[in-house]
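For reference, the structure discussed in these notes is given below.
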Amino acid sequence: MTSIETLDYVGVGLFAATGALAASRKQLDIIGFLFLAAVTGIGGGTARDLILDVPVFWISNPIYLLICAGTAGVIYITAPFVESRYKILLWLDAVALAAYGVFGAHKGLIVTGSATIGIVMGMLTGTLGGIIRDILAREASVLLRREIYIAACAIGAAIYVALNKAGLEPWAAAAVGFVMAFGIRGGTIKFGWRLPAYRSTPGRDPEDI
Amino acid sequence: MTSIETLDYVGVGLFAATGALAASRKQLDIIGFLFLAAVTGIGGGTARDLILDVPVFWISNPIYLLICAGTAGVIYITAPFVESRYKILLWLDAVALAAYGVFGAHKGLIVTGSATIGIVMGMLTGTLGGIIRDILAREASVLLRREIYIAACAIGAAIYVALNKAGLEPWAAAAVGFVMAFGIRGGTIKFGWRLPAYRSTPGRDPEDI
Amino acid sequence: MTSIETLDYVGVGLFAATGALAASRKQLDIIGFLFLAAVTGIGGGTARDLILDVPVFWISNPIYLLICAGTAGVIYITAPFVESRYKILLWLDAVALAAYGVFGAHKGLIVTGSATIGIVMGMLTGTLGGIIRDILAREASVLLRREIYIAACAIGAAIYVALNKAGLEPWAAAAVGFVMAFGIRGGTIKFGWRLPAYRSTPGRDPEDI
């Protein structure tokens with residue numbers, strides 16, 4: 001197994017863990033844990049493979065479903081002993097975002113050869129699982145919270161694509177992309193980094209404009 | 001037409017009816033009825049076919065769209081005379097969940113031969129239409145209500161797959177799977193059956209953890 | 001470039017603009033603008049191509065992504081100077097709905113030859129982007145507001161299919177379909193046109209039925 005494939009398993013497993021943590025916050029039953037873990041874990045990669053017109057990754061290799069199910073079971077048992085589930089969810093999500101974003105860029109690049117599609121596929125793979133999780137669990141979507149989230153994933157994907165095109169070994173390009181994406185997202189969680197706020201019309205509620 | 005194919009039409013038609021009933025609860029116009037009926041009726045099977053990489057079932061056979069449209073028309077005319085639309089929606093949804101879950105498992109099994117994929121496809125086919133309906137109509141999602149819903153569908157799909165692999169005639173395996181899934185879901189609606197509640201940290205609001 | 005292909009670019013660009021305007025109403029950052037513009041601009045056509053089992057249009061031709069990105073940038077800069085963003089969003093959405101609905105019908109018809117599928121694909125292509133935008137941005141969905149929206153798109157698509165089948169030149173059929181769809185949707189925005197309200201059971205709250 002290459003380092004790039006490791007990122008795939010890491011991304012699926014960690015996103016599954018965040019789905020199960022969301023289920024624990026909603027006090028769902030074990031089936032709710034399994035369902036949210038699976039949808040969050042494999043949702044982004046499923047959309048990626050459908051759009052790239054390649055076989056959906058978990059159809060030919062059910063190990064991914066077992067990873068999701070096993071993760072859901074572990075979280076179901078351990079979550080009550082955790083002090084702050086939401087904080088853990090956020091940090092696991094950050095690692096998954098970085099890992100899966102780089103892996104998505106790798107796969108998009110392999111299939112199409114296009115740098116643009118590689119970056120877009122990285123963003124899609126890294127962020128879609130979490131967006132679906134938040135819609136299904138009715139959590140506040142990270143998309144609307146103006147945190148650096150999609151941007152961190154996009155930067156990691158873009159760095160991977162750029163270094164790969166520059167001739168670097170895939171595993172080295174992946175390592176740099178992963179570290180950058182996780183560093184940016186982690187700094188956002190830890191220090192509250194923000195992109196510049198949108199300059200709306202002063203003195204008016206933007207929802208009324 | 002075999003008994004298995006009957007389950008397909010039954011599932012599509014009944015899910016379409018629940019979509020139209022949701023439209024009536026939101027007092028939409030006739031186009032809203034048609035749209036919610038179609039999305040609910042064919043949504044789960046569309047995702048199933050895309051993921052299995054087989055032609056989407058309603059593209060080559062528009063009879064499914066006519067079933068959805070006809071069902072929407074019937075509900076549009078008859079719904080005002082119904083005492084409790086939500087109760088009917090729940091029961092039709094239970095029959096559709098059982099029928100479409102078994103049919104999804106059958107199709108997943110035929111295409112891939114994998115028992116795991118069969119069960120997952122059954123769950124996906126049986127539950128996705130209702131989940132999309134609840135998101136679009138902004139109804140409380142059954143996913144978050146801790147009822148036995150996905151589990152009933154999964155058990156029906158698993159029984160179908162097990163009996164089919166054991167050599168039983170498909171129609172007989174389908175009948176047993178359907179009855180079990182409907183029995184479990186029906187008991188949940190009628191008697192309020194629940195899976196064990198999640199053991200959260202005592203004395204704290206799980207949303208704050 | 002034929003007139004029909006023009007409708008494609010117009011639809012993608014205008015839907016992207018409505019996504020960016022939704023981002024400005026939520027005061028997102030530049031990445032939020034790009035993301036909502038891209039999802040709204042290419043979401044409907046992506047679902048269309050997946051269901052028709054043809055290559056997703058923006059994979060082989062990244063110009064569409066550039067259109068979305070450029071539009072998001074322009075809206076990011078110009079939106080603060082606009083008096084009523086929501087009104088502009090509504091009118092751009094109306095043009096996009098008409099253009100993309102006709103183009104979706106055209107593509108559905110070319111791929112399958114079926115008039116039914118053509119009309120359904122027109123509706124899907126024209127309306128799905130806006131529905132996804134409203135779910136992600138947590139705006140009130142036009143689907144639940146009982147306005148003439150999906151119906152306008154469906155009528156434009158149906159007129160295009162009928163005139164095309166009747167032997168009219170595609171560009172002429174497209175022009176008539178576009179004008180009809182935009183006329184109906186525009187009248188709805190300007191004059192508050194409505195389809196007949198659903199006759200619910202008098203004296204009772206439909207949500208309780």
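Bear in mind these aren't lab numbers, they're just calculated from the coordinates by the rules spelled out. In this text, all values refer to a predicted model and were calculated from it rather than measured experimentally. Here Cβ is always computed from backbone atoms with ideal geometry, including for glycine, and neighbour counts include all displayed protein chains.
Here are some notes:
- Each eigenvalue of the Cα gyration tensor of the stretch B:3-195, multiplied by 5 and square-rooted, gives one semi-axis; in descending order these are 26, 19, 14 Å.
- Where the Cα pairs of the protein assembly as shown fall when distances are cut into 10 Å bins, in %: 3, 16, 27, 28, 19, 6, 1, 0
- Most mobile listed residue (B:ALA96, B:ALA22, B:ALA47) in chain B, GNM with C-alpha springs under 10 Å: B:ALA47
- Evaluated at q = 0.26 Å⁻¹, a Debye calculation over the C-alpha positions of the stretch C:57-140 (equal weights, vacuum) places log10 I(q)/I(0) at -1.28.
- Dividing the C-alpha radius of gyration of the stretch A:1-97 by 2.2 N^0.38 Å, with N its residue count, gives 1.06.
- Peptide packing: for C:117-123, C:23-29, B:30-36, the average count of neighbouring Cβ atoms within 10 Å per residue gives the ranking C:117-123, B:30-36, C:23-29, highest mean first.
- Between C:ASP53 and C:ILE189, the contour length at 0.36 nm per residue exceeds the alpha carbon distance by 45.5 nm.
- Legend: distances between Cα atoms for A:LYS87/C:LYS26; A:LYS107/A:LYS165; B:LYS26/C:LYS26; C:LYS87/C:LYS190; B:LYS26/C:LYS107; A:LYS190/C:LYS26; pairs beyond 22 Å are A:LYS87/C:LYS26; B:LYS26/C:LYS26; B:LYS26/C:LYS107; A:LYS190/C:LYS26.
- Other protein chain C-beta atoms within 10 Å of residue C-beta, averaged over A:107-115: 1.
- Inter-chain neighbour count for B:47-58: the average number of beta-carbon atoms from partner chains within 10 Å of each residue's beta-carbon is 4.
- Cα-projected label distance for B:ARG145 with B:VAL179, points at 7 Å along beta-carbon direction, nm: 2.7
- Per-residue shielding of C:117-128, expressed as the average number of other chain Cβ atoms within 10 Å of the residue Cβ, stands at 2.
- For the peptides A:4-14, B:165-175, the ranking by packing is A:4-14, B:165-175, with the highest mean count of neighbouring Cβ atoms within 10 Å listed first.
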